[in-house]
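A short worksheet on the structure shown next.
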Amino acid sequence: MGIMTFFFSGCATLKEKLPLDVDQTAQAFFDELQKPDNEGAYSLLAKGISQRVSFDQFDQFMQTIREQWGRIDTDETELLPFHRRVGEQDFIPLNMPPQKIKRYVFDVKFENAEMNFDLTLAPQGGVYKIVWFSVWGSSIYMTPKVQEKIERLFSNPDDSGQ
């Protein structure tokens, strides 16, 4: 019995250390956003987007969402075929075949809002990373504070005058 317990706990530990597949990475983003800090969610971003969006910007954006919309209650997803969306072209790795790019749309229910998140994932260093994300939905929930954080998140620092 002790050997079986050791075996199963070893398998669970090994599984936790294996790289996440694309579906697990997409879901892990929202799992990590439900934790007190946003470092785990930020670590799932690909190099290109994390170079453009600092952790502080990302953290402030997610804190604003929590302040305005509350905590995440549920998130349901659907895998969609990839098609380019406005704004993501700067984040898709060059020469990446479209069949390797995965797009997920999450219907996320917060305590005080219901919004959609698009996550675009592509392989980077042998694992899937989030290369682009967007938030969209009813303008009722897009308060000026949330809108400002979204605009600042992806604004080019050279264009903002900062």
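Assorted remarks:
- Among the residues here, residue 79 qualifies as part of a strand (DSSP E or B) and modelled with pLDDT under 90.
- Test: residue in the range 45-65 that is among the aromatic types (Phe, Trp, Tyr), at pLDDT below 80 and either loosely packed, with under 11 Cβ neighbours inside 10 Å or over 12 Å from the mean Cα position of the chain (by Cα) (or both): no
- Within the range 97-120, residues that are of a type outside the set (Gly, Ala, Ser) have Cβ atoms under 6 Å from residues that are in a helix (DSSP H, G or I) in these pairs: 102/22; 104/26; 110/69; 112/69; 119/26, counting only partners at least 6 apart in sequence or on another chain.
- Residues within the range 103-137 that are open to solvent by 60 Å² or more (accessible area, probe 1.4 Å) and on the phi < 0 side of the Ramachandran plot, tallied: 6
- Residue 76, sole failed condition from (1) open to solvent by 60 Å² or more (accessible area, probe 1.4 Å); (2) farther than 19 Å from residue 113 by Cα; (3) touching a residue at least 24 places away in the same chain (Cβ under 8 Å): (2)
- Some residue of the range 4-17 being open to solvent by 80 Å² or more (accessible area, probe 1.4 Å), at pLDDT 80 or above and either assigned to a loop (DSSP other than H, G, I, E, B) or out of contact with any helix residue (DSSP H, G or I) (no Cβ under 9 Å at 6 or more places or on another chain) (or both): no
- Looking across the range 22-44, just one residue is more than 11 Å from the chain's Cα centre (by Cα) and either small (Gly, Ala, Ser) or open to solvent by less than 60 Å² (accessible area, probe 1.4 Å) (or both), and that is 22.
The values are calculated or read from the model by the stated rules, or taken from the named source; none is laboratory data. None of the values given here were measured: they were computed from a predicted structure. A quick note on method: Cβ atoms are made from the backbone with ideal geometry, for glycine too, and the neighbour counts reach across all protein chains shown. These accessible areas exclude ligands, DNA and RNA; they are computed on the full protein's heavy atoms, side chains included. Shrake-Rupley method; radii C 1.70, N 1.55, O 1.52, S 1.80 Å.
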